[in-house]
1. At a 10 angstrom cut-off on C-beta neighbours, averaged per residue, how do the peptides A:98-109, A:144-155, B:53-64 rank from highest to lowest?
2. Report, for B:ARG143, each distance to the same residue's label point in the other copies, shortest first and in nm; define the point 7 Å along Cα→Cβ.
3. Run a plain Debye calculation on the stretch B:90-217 (Cα atoms as equal point scatterers, no solvent) and give log10 I(q)/I(0) at q = 0.14 Å⁻¹, rounded to two decimals, same order as the q list.
4. If you take every DSSP beta bridge whose two residues both sit in the protein assembly as shown, what share of them, in percent to the nearest 5, is antiparallel?
5. If you count, for every residue in A:77-87, the Cβ atoms of partner chains within 10 Å of its Cβ, what is the mean?
6. Enter the angle in degrees (range 0 to 90, nearest 10) between the Cα long axis of helix A:196-215 and the first principal axis of the Cα atoms of chain A, meaning the one along which they spread out most.
7. Counting pairwise Cα distances across chain A, what percent come out greater than 29 angstrom?
8. Run the numbers on chain B and let me know its relative contact order in percent, using alpha-carbon pairs under 8 Å that are six or more apart.
Protein chains: 2
Amino acid sequence: MRQDRILNIPAIRRMPTYLHKLLKMQADGKIRVSSTELAEYMNIELIVVRKDISLTGISGQRRVGYDVNELIRYIKNYLGWNTPIEAVLIGAGSLGTALLGYNDFEHYGFCISHVFDSSPEKIGKNIYGRTVRDISEMPECFRDNPPEIAVICVSNTAAQEVADKLVSLGIKYIWNFANVSLQVPPHVVVQREVIAGGLAMLSVKRKQDQEVFNQFQ
Amino acid sequence: MRQDRILNIPAIRRMPTYLHKLLKMQADGKIRVSSTELAEYMNIELIVVRKDISLTGISGQRRVGYDVNELIRYIKNYLGWNTPIEAVLIGAGSLGTALLGYNDFEHYGFCISHVFDSSPEKIGKNIYGRTVRDISEMPECFRDNPPEIAVICVSNTAAQEVADKLVSLGIKYIWNFANVSLQVPPHVVVQREVIAGGLAMLSVKRKQDQEVFNQFQ
């Protein structure tokens, strides 16, 4: 197993949400932001916001808050989003299409530059400006310069084969939306995205409500 | 702000992945599972698996592992998935379509029974067995018996209006995929799903790799 430094997973998962808010503030011409404003927006405790933000290394100033532009820079730097990242998407079904249409990615410097699929109905289609290409063309396309990240949006049964192909082409980071545990060499990093994870969160909160309700019956 | 008991967010988010694996084992006729097997599948440390599972209240037995059926029951009970949950989906675009096609939901007892949209091209369409209905019919449809959970997959600009409508119909749990912070009354629980959260995780691991690489330059 790959040994990572211990990560504050919930804090990292929140970073894009801070960034989304801050980029909107920047577009609206706002100069400064307080942790209180961010806590209200995120609907979490003030102390959690402060801890999250301190991860980026920025020094907060009491009372005056953070400089919006500076905080954006620190968050982007923390995530490695200060320089553009190129990615390939495999699987142009409904989920893949949704990801191609996700507007924020471009603000994060995350660019899905190539889309491949194996289905004849999808090959040749234009989705949000990208043309879906035949997956059999992928090796030739990436012979010299593979993108850093691959996003897997194929069926569970096809995912391992796709992952093997990606690894053989030199891709090191895989964002996997298929519901399978991919087997990859130790130098490859897989981030498995389990959509139902959010449903589990909501369900536990619902369960807590029910327990409180039952206590008062 | 709603005061929740402190939740182990990463553990809760992992529960559906355990469940997915265990349900597959159950279907394959496996009777017992060890924490080691689960740790390998999840690609996390053994101690983390043990902690995660202990949250469900099951008592593990050293050397013999867990009874697969029993562990499924405990996880489902922990999440409140032991009885079916009905949900409505608002927004039948590509992301909504992907959720309707997510096979595991039915094994979790999560049933998206109604789908609404406002777009004439989508109304009347059949998606994985559900007919998309006009959102203007929603109040009448849910007058007597609103589902417990609503899934919002509409555009960022439409999300707050949809949320207001859902709250007025008595829906208490909202799984929000729009990239906005919804304003709701205190008794309503919103789980905001930020797709880019997983990308942030992958990006931080990539950043760590780069730092290690740079150290040895």
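Each reported figure results from applying straightforward, stated rules to the coordinates on display, with no laboratory input. Because the structure is a prediction, the values reported are computed rather than measured. Note: ideal-geometry Cβ built from the backbone for every residue, glycine included; neighbour counts use all protein chains shown.
1. In descending order of packing, they fall as A:144-155, A:98-109, B:53-64.
2. 6.8
3. -0.66
4. Of all bridge pairs located within the protein assembly as shown, approximately 20 percent are antiparallel.
5. 3
6. For A:196-215 against chain A, the angle is about 40 degrees.
7. Value for chain A: 40 percent of Cα pairs lie more than 29 Å apart.
8. Reported as a whole number, the value is 13 percent.
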